[in-house]
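What follows is a short report on a single structure.
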Amino acid sequence: MNALNYLTLDRQVRQLSQPQVDAFTRQISGGVLGQDDGAYHEARKVWNATVDRRPALIARCLAVPDVQATIRFAAAHQMLISVRGGGHHIAGNAVAEGGLMMDLSGMRAVSIDAAHRTARVGPGALLSDFDTAAQAYGLATPLGINSTTGVAGLTLGGGFGWLSRRHGMSIDNLVSANVVTADGTARVVSATSEPDLFWALRGGGGNFGVVTSFEFKLHPIGPLVYSGLVVYPFAQARQVLRAWRDFNATAPDELSVWTVMRKAPPLPFIPASAHGTEVVIFPLVYCGDAAAGERAAAAVQKFGDPIAVALGAQPYAGFQTAFDPLLTPGGRNYWKSNNFNTLSDAALDVMIAAAARLPTPECEVFVAQLGGAMGRVKPQATAFVGRDANYIMNVHGRWSDPSDDEQVRHWARQVFQESAPHATGSGYVNFLTEDEAERVAASYGTNYPRLQAVKQRFDPVNLFRMNLNIAPAAAPSSNLPTL
């Protein structure tokens, strides 16, 4: 090719010459893909199939110098740049249409220091990589609930899962990080080294640089944990959800009980007559002694008259994959989310009504029970501010036929609007979609001005804008600095 068109940071069209592309390619150990390369189309795919963007180039980074070279190249050409870790974020910000996609999926190494109970994790690692490596030593740290999620994106947005009530969020267990900032500098950040940047990375998303390595503290977990599912008929939804809410008020930190309202999947322990009908599911995990977990969770089976119970001691890493079949890559997805301090009867009624009108069989309303250790961290201690969220609801629209796009999105937005009067007004950035930029500032609350100041210091031109963007405190210069 003689020239390559690309989009700049302000969405103007410019060109790169072939010698410029060739020189850049020589700097990237994993190579650079263009639209004519055979691997290009697979490399641009992400988890959410509604995201169908075509970057001008894809840089396949395998080491820190690759990341530095990619950032410097993007900055020198004012090129729109995106960063892909696991590629799982609902908004699809991993892929920059017409820009430069930095693909970190090859940097998946996980190293466990069992003696010091720490893990060193690459930016392309998935939850399954981390869980498998740490569980070999009977260790874990709080992560999400879908094993194909990327550790990097999950952590930078906050990160919560089955262990968060006992051990806090993913960011509460982050010890240090190696990050390359917009000027191409590789930095080591921690509570004592670049503390402002470390503070911002813990919940501020990918706004401040590209993390090339995470260091987490680990906790003794499993390898067997008391866990599983309790399933109730939808006719009992109001009764069992109120019982669940009341039970949670005194539940121990070791126990996490969530709820999912959806059509019953064809699991073997669910009666065939219930398959495809609306149900209320309570997934639970007890991160402690299995016998104590059985006693603590006994009440969950007494919320009503369950149609199926599958509880027992099972591998923690295995339960982390329990929801993978419902969240496989390639589906069309749209989410709307609200945080709740408490769940009023009215809020529960909104959710029940939403589950009664699911637009497709794959849609669901799930509510995560939080609180515990996660809620005992001061909101100003990390960029993540939603410590008062004892519950997070995700209205999960999922479908396969593009002709259903509008009806599913309409359903999700309607549930969001109806539940908003009962919610805190803030959101969880890992659940925000690409059309919710107006919710970013509210999601950070009083921490937002400090985040803008850190952004101004480390990325004044807003190079890292393909995210739920935090604007620099001052307007960026029209010209990028010389690197």
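The values are calculated or read from the model by the stated rules, or taken from the named source; none is laboratory data. Small disclaimer: the values here were computed from a predicted structure and weren't measured. Please note: Cβ atoms are built from the backbone with ideal geometry, for glycine as well, and neighbour counts cover all protein chains shown.
Observations
- In segment 248-261 there is at least one residue matching the filter, namely being of a type outside the set (Ser, Thr, Tyr), over 20 Å from Gly372 (Cα atoms) and assigned by TED's automatic domain parsing to the domain that holds Cys363.
- On the stretch given as segment 83-128, residues that are on the phi > 0 side of the Ramachandran plot and in a strand (DSSP E or B) total 0.
- For Val188, the conditions (1) within 24 Å of Arg450 (Cβ to Cβ); (2) touching a strand residue (DSSP E or B) at 6+ places or on another chain (Cβ under 6 Å); (3) buried (at least 24 other Cβ atoms within 10 Å of the Cβ) are fulfilled apart from (3).
- Filtered residues of segment 409-460 (kept if crowded, with 20+ Cβ neighbours inside 10 Å, out of contact with any strand residue (DSSP E or B) (no Cβ under 8 Å at 6 or more places or on another chain) and of a type in the set (Phe, Trp, Tyr)): Tyr444, Phe458
- Residue identified as in a helix (DSSP H, G or I) and either within 20 Å of Gly161 (Cα to Cα) or not hydrophobic (A, V, I, L, M, F, W, C) (or both) among Gly206, Gly304, Gly276: Gly206
- The criterion of being within 17 Å of Gly425 (Cα to Cα), assigned by TED's automatic domain parsing to the domain that holds Ser426 and either of a type in the set (Val, Ile, Thr) or free of Cβ contacts under 8 Å to residues at least 24 places away in the same chain (or both) holds for Val350.
- Residue that is closer than 29 Å to Glu436 by Cα and either surrounded by fewer than 23 Cβ atoms within 10 Å (Cβ to Cβ) or small (Gly, Ala, Ser) (or both), where the choices are Ala114, Ala23, Ala43, Ala109: Ala43
- Taken as a whole, the structure places Gly386 among residues that are touching a residue at least 60 places away in the same chain (Cβ under 8 Å) and either surrounded by 23 or more Cβ atoms within 10 Å (Cβ to Cβ) or among the hydrophobic types (A, V, I, L, M, F, W, C) (or both).
- Checking each residue of segment 391-405 against the condition of being part of a helix (DSSP H, G or I), of a type outside the set (Phe, Trp, Tyr) and without any contact (Cβ under 8 Å) to a residue 24 or more places away in the chain gives at least one match.
- Considering segment 1-46, the residues that are within 28 Å of Arg332 (Cα to Cα) and in contact (Cβ under 8 Å) with a residue 40 or more places away in the chain include one that is nearest to the chain's Cα centre (by Cα), namely Val46.
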